[in-house]
1. Need the failing condition index for PHE47 against (1) out of contact with any Cys (no Cβ under 8 Å at 6 or more places or on another chain); (2) part of a helix (DSSP H, G or I), just the number.
2. What number of residues in region 61-85 are over 17 Å from ALA30 (Cα atoms), surrounded by fewer than 16 Cβ atoms within 10 Å (Cβ to Cβ) and out of contact with any Cys (no Cβ under 7 Å at 6 or more places or on another chain)?
3. Just to check your reading of the model, which residue among ILE112, ILE79 is within 15 Å of the chain's Cα centre (by Cα) and hydrophobic (A, V, I, L, M, F, W, C)?
4. Go through region 62-145 and tell me which helices (runs of 4 or more DSSP H), entirely inside it, have 3 or more residues that are farther than 30 Å from GLU22 by Cα and not assigned by TED's automatic domain parsing to the domain that holds HIS36.
5. Quick one: would you say GLY120 is on the phi > 0 side of the Ramachandran plot and either modelled with pLDDT of 95 or more or of a type in the set (Asp, Glu) (or both)?
Amino acid sequence: MPRPRSKTLFEAPSMDEKERYEAGMQVRRAVLGDAHVDRSLQNLTPFNEEFQEMITRHAWGDIWTRPGLPRHTRSLVTIAMLIGMNREGELKLHLRAAKNNGVTRDEIKEVIMQSAIYCGIPAANATFHLAEAVWDELGVESLHP
């Protein structure tokens, strides 16, 4: 007997490529800030243009617009994954952007503490230093929702 299905791609209302790009760009700007997104767009080249369109459409338009998790939670999940993957550049970007999603400094501290157990002490230690450097650069004592 077939299992009952949840709403699938074929049953869900779908956006066309342009709509997904536009929705993705709106979320990307809200999370990362206009200045960062504008810099990214100004640095488009024939080599990276399709990649930038793809991440706007899929990462931001397909995933960050999903209703299952609020942006606040998505920020924390993203930070945790980037710690585990040791992706310092992207981690720095998302540490900066977390404030736009109402993430607090204490919440980031807890994510880093938990990452020490699951990702290793060196990863957590490096992230504590990176987070403090980001906050010094931004001139903030703490992040507030």
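1. (2)
2. So the count comes out to 4.
3. Working: ILE112 fails: within 15 Å of the chain's Cα centre (by Cα).
When all the criteria are applied, what remains is ILE79.
4. Numbers: elements: 71-85, 88-97, 105-118, 121-138.
Hits in region 62-145: 105-118, 121-138.
5. On the way: on the phi > 0 side of the Ramachandran plot: yes; either modelled with pLDDT of 95 or more or of a type in the set (Asp, Glu) (or both): yes.
Considered against the rule, which asks whether it is on the phi > 0 side of the Ramachandran plot and either modelled with pLDDT of 95 or more or of a type in the set (Asp, Glu) (or both), GLY120 comes out as yes.
The values are calculated or read from the model by the stated rules, or taken from the named source; none is laboratory data. Fair warning: this is a prediction, and the values are worked out from it, not measured in the lab. Neighbour counts run over all protein chains shown; Cβ positions are idealised from the backbone, glycine included.
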